[in-house]
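Participant: Handing you a structure now.
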Amino acid sequence: MSTILELKNVQKRFGATEILRGIDLSISAGERVALIGPNGAGKTTLFNLVSGRFAPSAGEVWLKNRRIDGKKPYAIARLGLARSFQATQVFSKLTVYENLRCSVLLGLGYGAQWLTSVSRLKEVTARTEALMEQTHLDKQRDTLAQALTYADQRALELGITLGGGADVILLDEPTAGMSQTETLFFLELIKTATHGKTLLMVEHDMGVVFGLADKIAVLVEGKLLAFDTPQAVRANAAVQDAYLGDFSVSASA
Amino acid sequence: MNAAPWIAVVAGVVLAPELLNSTWALTLLSQIGIATIACLSFNLLLGQGGMLSFGHATYTGLGAYGAIHTLNAARAAGVDFPVSLIPLAGGVSGLVAASVLGFLSSRRGGTALAMVTLGLAELVFSVALMGFAFFGGESGIAGNRVTESAPWGVTFASPVEMYYLIAAYALLSAVALYALTTTPWGKMLNAVRDNAMRVEFLGTNPQTIRYRAFLFSAFFAGISGGLAALLFERVTPDALGLERSASLVLFTYLGGIQSFIGPIVGAVLMVFANVGLSSLTPAWLLYVGLAFVFGVMFAPQGLTGLLQTAMAQPWAFYVRHSVILLALLVSLGVALLGVTALVEMAYQLQLEASLGPNVAFGFFGDWGAFQLHINRWQDWAAAAAVAISGGWFFLRLRHALIVRLGAKA
């Protein structure tokens with residue numbers, strides 16, 4: 001399999017604080033990778049560097065054989081990378097349908113088009129309808145995003161992320177704050193919706209991680225402690241010391 | 001989209017001069033048309049794009065200057081230029097101005113944008129006052145819209161012809177601006193309003209979306225300015241002033257920024273305030289300010305939003321709550337009466353030397369006429385008592401209504 005996303009010695013400092021201390025990570029096309037690690041390990045910072053929110057202090061990020069570190073978020077998104085946010089980022093005064101349509105429009109490159117009415121773009125309508133069904137939001141079609149329940153907002157967040165048709169998807173704690181049943185349901189949703197795509201996901205729920213991921217990357221204090229299959233990571237003594245053991249204690253408490 | 005309201009509007013606009021055959025009414029309607037284009041173009045920024053521009057008069061004003069200079073240049077060169085196209089020269093002037101000023105304004109959203117537009121507007125206005133020949137100093141630039149050539153016998157010498165020109169531009173601009181909101185770009189503009197950061201991560205630079213909004217908005221603002229230049233045949237630096245910009249913010253907001261027709265309602269209010277209210281009382285600007293504060297506090301969705309909410313209620317709602325609604329209206333009227341009395345007395349106090357100590361009130365001619373004396377403390381106390389009690393009852397009744405509606409839901 002070919003490498004689609006690669007980080008080479010990526011470092012990030014905020015002032016004197018080192019957040020990431022040299023990350024090397026190579027993800028193949030079609031792989032599902034879970035990024036785990038304790039709070040403050042630098043998981044979201046890593047997402048921000050890859051998606052263009054910040055530039056790394058040192059190192060390189062490559063997407064589909066193009067160097068993307070330091071590029072603007074919209075330039076990276078156009079190369080086929082989409083991300084979701086830990087704190088839901090939707091268009092609050094637009095309806096569910098309009099929210100998803102925005103993402104579809106941009107994915108198809110219609111964002112600057114000002115000479116046709118949006119209702120005439122049949123492909124956009126069809127894709128938006130399909131996306132609504134896929135995320136099970138079709139019953140809330142005309143509900144304003146701000147009026148949705150938390151779980152539905154998370155589904156909308158996922159729908160917006162997927163709607164542009166990107167083939168590299170970054171999900172930042174998609175199931176955070178959800179109940180057990182909601183999480184299971186959502187996991188299925190992510191599985192089917194990202195079929196055949198490359199997925200990098202920050203996740204705290206170990207059930208989700210082991211059920212979904214082909215590989216697990218463990219980030220501790222800004223360093224990559226392990227990057228391997230779930231079985232290998234589970235057996236890794238260093239990981240158990242640093243993170244998993246600790247986590248299972250706190251999760252069962 | 002339902003075509004019936006649009007047909008009704010067009011019919012009303014076309015037939016208006018037949019029904020109101022007075023020059024005064026025609027000038028009023030012409031000004032409403034001009035203000036409509038200006039407010040609609042402003043709301044493309046505020047309502048659709050979430051961009052609070054404090055400098056929209058920069059574009060209407062520069063459009064007016066561009067139009068009047070084009071008119072004068074064509075006349076001086078002896079070119080046979082159709083006067084009906086002069087407003088387009090205003091539109092192009094607005095567009096050119098926005099290509100630079102709008103670029104600077106649209107780099108950032110939110111508060112930064114508001115500050116930049118304010119600064120640029122102040123800059124342009126002070127340049128206009130510096131005495132460059134282009135702006136014509138205090139007396140401005142005069143022009144003459146009536147030319148020798150008369151295509152189809154139209155010379156724009158009569159107010160009716162001018163009215164129809166303005167009406168045509170207003171209708172076309174409204175349709176064009178509405179159409180823009182239905183395009184993919186228009187939808188992106190809404191998305192940028194709600195969450196610019198999200199748009200950026202979906203593959204479009206929000207700055208380019210905002211910049212384009214400035215270009216469109218300034219083009220139509222320029223058309224509005226160009227029409228004003230033709231109507232009044234004079235453009236002064238006041239056209240670029242902050243007062244004009246503030247007025248656009250105020251009345252568009254009062255009309256309602258969340259619906260497309262809100263700014264049109266705002267435009268009507270603006271012209272009635274500028275022309276009607278200002279002839280009734282010297283304190284008219286104070287009333288406009290009070291109305292704005294009141295609107296922001298009690299009807300943030302604007303007059304249009306208020307009417308839409310009212311119209312969405314079934315008849316049963318009005319029957320069930322008839323007493324409280326009526327009391328609410330009466331208390332509002334009483335409060336307004338008291339406030340008006342206080343404001344008028346305060347103004348009279350300031351201008352006593354020239355106007356004398358009496359403030360005359362009259363409703364429907366002589367019916368209900370009475371006088372207040374600014375030298376009698378009893379009159380001040382009475383006015384204050386009326387204002388306070390009316391206001392108190394209004395707030396209590398409003399609260400009671402909200403509680404009642406909330407309990408039902």
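The values are calculated or read from the model by the stated rules, or taken from the named source; none is laboratory data. Only a predicted model underlies this, so the values are computations on that prediction, with no experimental measurement involved. Methodologically, a virtual Cβ is constructed for each residue, glycine included, from the backbone with ideal geometry; neighbour enumeration extends over all protein chains shown.
Participant: What do you reckon, is A:Arg127 within 8 Å of chain B (Cβ to nearest Cβ) and among the charged types (D, E, K, R)?
Facilitator: no
Participant: OK, next. For the range B:151-179, what are the residues that are over 20 Å from the mean Cα position of the chain (by Cα) and within 11 Å of another protein chain (Cβ to nearest Cβ)?
Facilitator: Residue satisfying the conditions is B:Ala179 alone.
Participant: Does at least one position in the range B:128-137 carry a residue that is over 30 Å from A:Glu98 (Cβ atoms) and not in a loop (DSSP other than H, G, I, E, B)? Give the derivation first.
Facilitator: Of the residues in the range B:128-137, the ones over 30 Å from A:Glu98 (Cβ atoms) are B:128-137.
Next cut, not in a loop (DSSP other than H, G, I, E, B) only: B:128.
Yes; the residues of the range B:128-137 include at least one that is over 30 Å from A:Glu98 (Cβ atoms) and not in a loop (DSSP other than H, G, I, E, B).
Participant: Residue by residue through the range B:245-263, note down the ones that are part of a helix (DSSP H, G or I) and of a type in the set (S, T, N, Q).
Facilitator: If the condition is that a residue be part of a helix (DSSP H, G or I) and of a type in the set (S, T, N, Q), then B:Ser245, B:Ser247, B:Thr252 are the ones that fit.
Participant: Hey, another quick one. Within the range A:203-243, can you find the residues that are modelled with pLDDT under 85, surrounded by 19 or more Cβ atoms within 10 Å (Cβ to Cβ), out of contact with any strand residue (DSSP E or B) (no Cβ under 7 Å at 6 or more places or on another chain) and hydrophobic (A, V, I, L, M, F, W, C)?
Facilitator: A:Val208
Participant: Can you tell me how many residues within the range B:180-206 are surrounded by fewer than 23 Cβ atoms within 10 Å (Cβ to Cβ), facing chain A (nearest Cβ under 7 Å) and touching a Gly at 6+ places or on another chain (Cβ under 6 Å)?
Facilitator: Residues that pass the stated criteria total 1.
Participant: Of the residues B:Ala381, B:Ala346, B:Ala353, only one is at pLDDT below 90 and either in contact with a Phe, Trp or Tyr (Cβ under 6 Å, 6 or more places away or on another chain) or within 22 Å of B:Leu290 (Cα to Cα) (or both); which?
Facilitator: Of the residues listed, the single one that is at pLDDT below 90 and either in contact with a Phe, Trp or Tyr (Cβ under 6 Å, 6 or more places away or on another chain) or within 22 Å of B:Leu290 (Cα to Cα) (or both) is B:Ala346.
Participant: Which condition number does B:Trp152 fail, the rest of (1) surrounded by 14 or more Cβ atoms within 10 Å (Cβ to Cβ); (2) of a type in the set (Phe, Trp, Tyr); (3) more than 23 Å from B:Asp238 (Cβ to Cβ) being met?
Facilitator: (1)
Participant: Just checking, which of B:Ala246, B:Ala273, B:Ala239, B:Ala221 is more than 14 Å from chain A (Cβ to nearest Cβ), farther than 29 Å from A:Leu94 by Cα and in contact (Cβ under 8 Å) with a residue 60 or more places away in the chain?
Facilitator: It is B:Ala239.
Participant: Right, something else. Could we say that B:Ile166 is in contact (Cβ under 8 Å) with a residue 40 or more places away in the chain, at negative phi, aliphatic (A, V, I, L, M) and assigned to a loop (DSSP other than H, G, I, E, B) here? Spell out the reasoning first.
Facilitator: Values: in contact (Cβ under 8 Å) with a residue 40 or more places away in the chain: yes; at negative phi: yes; aliphatic (A, V, I, L, M): yes; assigned to a loop (DSSP other than H, G, I, E, B): no.
Taking the combined requirement at face value, the residue does not satisfy it.
Participant: Further question: Sort through A:Asp172, A:Asp138, A:Asp167 and tell me the only one that's over 30 Å from A:Thr3 (Cβ atoms) and either in the same structural domain as A:Leu35 (by TED's automatic domain parsing) or of a type in the set (Asp, Glu) (or both). Full working, then the answer.
Facilitator: Numbers: A:Asp172 fails: over 30 Å from A:Thr3 (Cβ atoms); A:Asp167 fails: over 30 Å from A:Thr3 (Cβ atoms).
From the options A:Asp172, A:Asp138, A:Asp167, the qualifying one is A:Asp138.
Participant: Determine which member of the set A:Glu221, A:Glu182 is acidic (Asp, Glu) and in contact (Cβ under 8 Å) with a residue 60 or more places away in the chain.
Facilitator: One residue alone meets the criteria, A:Glu221.
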